[in-house]
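Reading through the structure tokens given below for one structure.
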Amino acid sequence: MKIFIKFIIILFYTNTLLANITDEIVKKLNETNNISFDFEQISNNLNENGKCLLVFPGKLKCIYNNEDGKEILVTNKSLYIIKHKFKRSYRYPIKNSSFNIILDKEKILKNLKMFNQSDIKETSNKYSYEIQTNEGVFIKIHFNKENKMLNGWETISYNQEPVIFNILNPVINSKFNEKFVLPNYNN
């Protein structure tokens, strides 16, 4: 009987602790309007890095450190992969993609509030929440354990490859002059 009572106490304490952590993450996310950061992206055995600006809701611009002049621009419900070196851009809808969730903090908050606390994954430096939508979109969102800020995500790309996206050196609510404009390459 004593073992059972100890088990119940530990289970209750763990769930309460994780609920408090989720509340802290929700509070931090509510305070966040934009995040500028460095990033590391791992996909298809390729490591890429660069700088990004994420503005809630629905805008993301990432400039990659590579010779193609690769840039990702998400705005107006579309994702554009831009290759400045070749003066080309490629458009993809985000309606049924992980960007539809990650760039809309209201959707993240809604999912966080519905989470069963036992489903939260914890490592030494982050908390992770897995979201699966009815449309088949899967995303695992990571939050920094120390400051409760958005720390990155894992998802499946348009070509069905796993993608790990790590946010490094984030700064929230910074002033910026970014216009989120697609270059006119007439392609």
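For this structure, a couple of remarks:
- Checked against the criterion of being surrounded by fewer than 12 Cβ atoms within 10 Å (Cβ to Cβ) and outside any loop (DSSP other than H, G, I, E, B), the stretch 62-71 has no qualifying residue.
- When we screen Leu73, Leu79, Leu54 for residues that are in contact (Cβ under 8 Å) with a residue 12 or more places away in the chain, of a type outside the set (Gly, Ala, Ser) and within 26 Å of Phe115 (Cβ to Cβ), the only hit is Leu54.
- Set side by side, the residues Ser118, Ser124 differ, and just one is open to solvent by 70 Å² or more (accessible area, probe 1.4 Å), over 25 Å from Asn96 (Cα atoms) and assigned to a helix (DSSP H, G or I), which is Ser118.
- Check on Ser97, in a loop (DSSP other than H, G, I, E, B) and free of Cβ contacts under 8 Å to residues at least 40 places away in the same chain: no
- Which listed residue is of a type outside the set (Ser, Thr, Tyr), modelled with pLDDT under 90 and open to solvent by 90 Å² or more (accessible area, probe 1.4 Å), from Asn76, Asn169, Asn100, Asn111: Asn76
- So Asn47, is it closer than 27 Å to Ser174 by Cβ and either among the small types (Gly, Ala, Ser) or part of a strand (DSSP E or B) (or both): yes
- Single residue of the stretch 145-158 satisfying the filter (free of Cβ contacts under 8 Å to residues at least 40 places away in the same chain and open to solvent by 40 Å² or more (accessible area, probe 1.4 Å)) that is farthest from the chain's Cα centre (by Cα): Glu146
The values are calculated or read from the model by the stated rules, or taken from the named source; none is laboratory data. None of these values were measured; they are calculated from a predicted model. All Cβ positions, glycine included, derive from the backbone under ideal geometry; neighbour counts span all protein chains shown. The area values use the complete protein model at the heavy-atom level, side chains included, leaving out ligands, DNA and RNA. Shrake-Rupley method; radii C 1.70, N 1.55, O 1.52, S 1.80 Å.
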